[in-house]
Amino acid sequence: MYPDYMAESLRKVAQTRPARLELARKPDPVYPPMSAEERRAVLEGFHPDFEASARRPVCVGPNRDESLTTEVSDLLESHSWLRSDQVNLDKPDFETDLLIIGGGGAGCNAALIAMKEHGIRSIIATKLRMGDANSMMSQGGMQAAVSRTDSPTRHYLDAIGGGHFENKPELVRALTEDGPGVVKWLEDLGVCWDKQQDGSLKTMHGGGTSRKRMLSCRDYTGAMIMRTLMDEVRNHPDMITVKEFMPAVELIMDDKGRCAGAVLYDMESEEFFTVKAKSTLIATGGYGRLHIRGYDTTNHYGATGDGLVMAYRAGAKLMYMDSVQYHPTGVSFPEQIAGFLVTEAIRGAGGQPLNKEGELFVYPREPRDIEASAIIRECVQNGGGVPTPSGRVGVWLDSPLIDMLHGEGYTDKHFPAMYRQFIRYGIDITKLPMLIYPSLHYQNGGIEINERCETDIPGLYVAGEATGGLHGRNRLMGNSVLDYNVFGQRAGRFAGEYAKKVKLGKLSLAHLDAYEKELAEAGVKTDLVTPVLLPSYAPKDVKKRQLLRGGNALPGASVLQNRLFDESPGA
Ligand code: MEZ
């Protein structure tokens with residue numbers, strides 16, 4: 001239940017609802033969409049990326065001197081877990097055609113396509129369990145141009161517009177043209193898309209879409225897709241080996257500068273294992289658990305940007321690593337679930353963002369960065385937010401309108417995940433609005449790839465959220481689900497093709513020594529060891545005890561904190 005002090009604001013929301021419902025029943029927008037100038041002003045004034053300390057130049061590596069998100073620069077200016085002389089590469093522990101780092105949607109698709117199209121064997125090495133990934137957590141849907149009034153060209157234009165015309169065009173073309181084929185592939189594997197009475201696919205709007213294009217499986221879209229893909233992967237144990245709780249900590253190269261596998265870390269036995277692979281795919285997802293600018297996140301527990309730092313140390317270039325996506329509607333209250341996703345589909349179905357006076361203050365379907373900035377402005381500049389007991393703030397998302405617009409039972413049927421998420425705390429979203437605030441959601445930038453998922457490093461492929469360029473500096477809803485399917489498949493296709501031809505040379509970790517030298521030459525002083533692997537929410541005194549374990553202890557500190565070695569040991 002909401003605390004008593006929120007009752008007055010809730011009363012105002014109920015009071016303004018009949019007039020807003022009338023508006024929503026008309027064909028015109030319920031609130032004027034922003035002009036290009038208004039959009040620019042709200043972004044520059046209120047988007048967290050534009051805060052003074054949000055970016056700083058990185059002083060090592062392929063993007064040296066470029067301004068990146070500050071926490072990303074911190075992440076990249078860090079030490080490896082390993083030194084080249086600590087690892088014996090003469091007899092690798094495992095050998096495979098394709099090593100896939102990451103057990104989310106991109107990784108599963110890649111393994112399946114490499115097997116089906118090339119008869120290629122792969123190892124999927126995943127930090128937690130298979131499917132512990134943002135792919136599993138997406139709710140509202142996947143975009144694909146399947147309806148009669150739509151086309152890949154329209155989808156292309158929307159994605160490019162949403163990305164502020166900075167997307168890599170060849171990637172957007174691949175995404176939008178492959179989209180309808182992905183819908184069929186997933187349906188053939190067993191995904192049950194929502195359908196209309198006549199059996200055709202049900203499509204909805206998302207922010208920034210000019211046509212209804214969002215396909216869904218209620219609000220469990222990612223869960224449905226991932227369960228299906230994981231089942232298919234598990235059906236082929238002879239071709240696809242899954243290693244759980246075994247994150248990669250560094251890439252292995254050969255003496256010709258090609259990627260040749262990775263060093264894995266067994267989280268249970270704390271041993272390192274080497275994998276020699278003809279081609280390697282990074283499908284490690286995003287970095288929400290770095291809690292950039294202190295924001296809560298919608299991301300899963302393992303989203304710590306591991307692929308970025310491994311690829312960067314090996315010499316791969318990053319793109320748009322100055323751009324972070326904050327989902328406009330993360331939970332603000334109940335605080336036990338602060339930051340959790342409230343799907344954009346709620347606004348697509350008619351939910352309206354309101355300030356504490358119950359007034360609409362923004363068109364509900366602006367692109368994400370604009371919508372999020374407008375919500376921050378309403379709270380920070382206009383004082384229109386509702387404070388929570390622990391000092392957060394939020395605006396209302398008026399969900400009861402949805403049943404009023406579409407008929408009783410609609411919310412229960414179409415948003416069961418959302419309904420359950422709130423009813424557990426005594427909040428019935430068919431009767432009361434949700435309190436929301438932007439939440440760190442997506443890594444817009446990442447490792448630069450071409451439409452074959454190739455990087456600058458032969459043999460190194462990247463797919464899904466770990467890549468940069470596809471979404472420009474702002475991704476539209478539902479394009480990440482399509483992204484991990486389209487580019488996961490492409491990665492499997494092209495990495496598989498490459499694996500059939502390549503002859504690897506002598507294995508090496510010399511790039512780690514070179515990176516370490518560069519850090520020293522740049523004068524970087526840090527105790528941070530990456531990949532981070534797991535975020536730590538432990539208090540400092542507990543962290544200190546963890547770090548006093550022998551050897552290369554788990555880097556349990558948040559990426560933003562040093563490893564406390566400067567404090568007296570044992571204190
Ligand atoms: O693409 C996404 O981020 C997505 C589907 C999220 C959502 O709002 O449901």
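For the reader, a short list of remarks on this structure follows.
- Only one of the listed residues (128, 112) is surrounded by fewer than 24 Cβ atoms within 10 Å (Cβ to Cβ) and more than 17 Å from residue 307 (Cα to Cα). That residue is 112.
- Flag if residue 179 is open to solvent by less than 50 Å² (accessible area, probe 1.4 Å), within 14 Å of the ligand (Cβ to nearest atom) and part of a helix (DSSP H, G or I): yes
- For region 233-240, the criterion of being in contact with a Ser or Thr (Cβ under 7 Å, 6 or more places away or on another chain) and open to solvent by 40 Å² or more (accessible area, probe 1.4 Å) is met by no residue.
- Scanning region 478-509 for residues that are within 16 Å of the ligand (Cβ to nearest atom) and either part of a helix (DSSP H, G or I) or open to solvent by 10 Å² or more (accessible area, probe 1.4 Å) (or both) returns 479, 480, 481, 482, 483, 484, 485, 486, 487, 488.
- Pairs linking a residue in region 166-182 that is free of Cβ contacts under 8 Å to residues at least 60 places away in the same chain to a residue that is of a type outside the set (Val, Ile, Thr) and open to solvent by 40 Å² or more (accessible area, probe 1.4 Å), with Cβ atoms under 8 Å and 6 or more positions apart or on different chains, are 176/152; 176/156; 177/152; 180/152.
- Test: residue in region 37-45 that is loosely packed, with under 10 Cβ neighbours inside 10 Å and without any contact (Cβ under 8 Å) to a residue 40 or more places away in the chain: yes
- Selection within region 122-149: residues that are part of a strand (DSSP E or B) and near the ligand (Cβ under 10 Å from one of its atoms). The member of this set that is farthest from residue 211 (Cα to Cα) is 142.
- Filter result for residue 255 (open to solvent by 40 Å² or more (accessible area, probe 1.4 Å) and either more than 16 Å from the ligand (Cβ to nearest atom) or more than 20 Å from the chain's Cα centre (by Cα) (or both)): yes
- Being modelled with pLDDT of 95 or more and either farther than 25 Å from residue 282 by Cα or open to solvent by 70 Å² or more (accessible area, probe 1.4 Å) (or both) is a property that does not hold for residue 540.
- The residues listed here are 230, 253; of these, the one that is in a helix (DSSP H, G or I), touching a residue at least 40 places away in the same chain (Cβ under 8 Å) and more than 17 Å from residue 491 (Cβ to Cβ) is 230.
- Test: residue 304 is touching a helix residue (DSSP H, G or I) at 6+ places or on another chain (Cβ under 9 Å), part of a strand (DSSP E or B) and crowded, with 24+ Cβ neighbours inside 10 Å: no
The values are calculated or read from the model by the stated rules, or taken from the named source; none is laboratory data. Here the structure is a predicted model, which is why all the values come from computation and not from measurement. Every residue, glycine as well, gets a Cβ built from its backbone with ideal geometry; the counts of neighbours run over all protein chains shown. The protein model used for the area step is the full one, side chains on, heavy atoms only, and it has no ligands, DNA or RNA in it. Shrake-Rupley method; radii C 1.70, N 1.55, O 1.52, S 1.80 Å.
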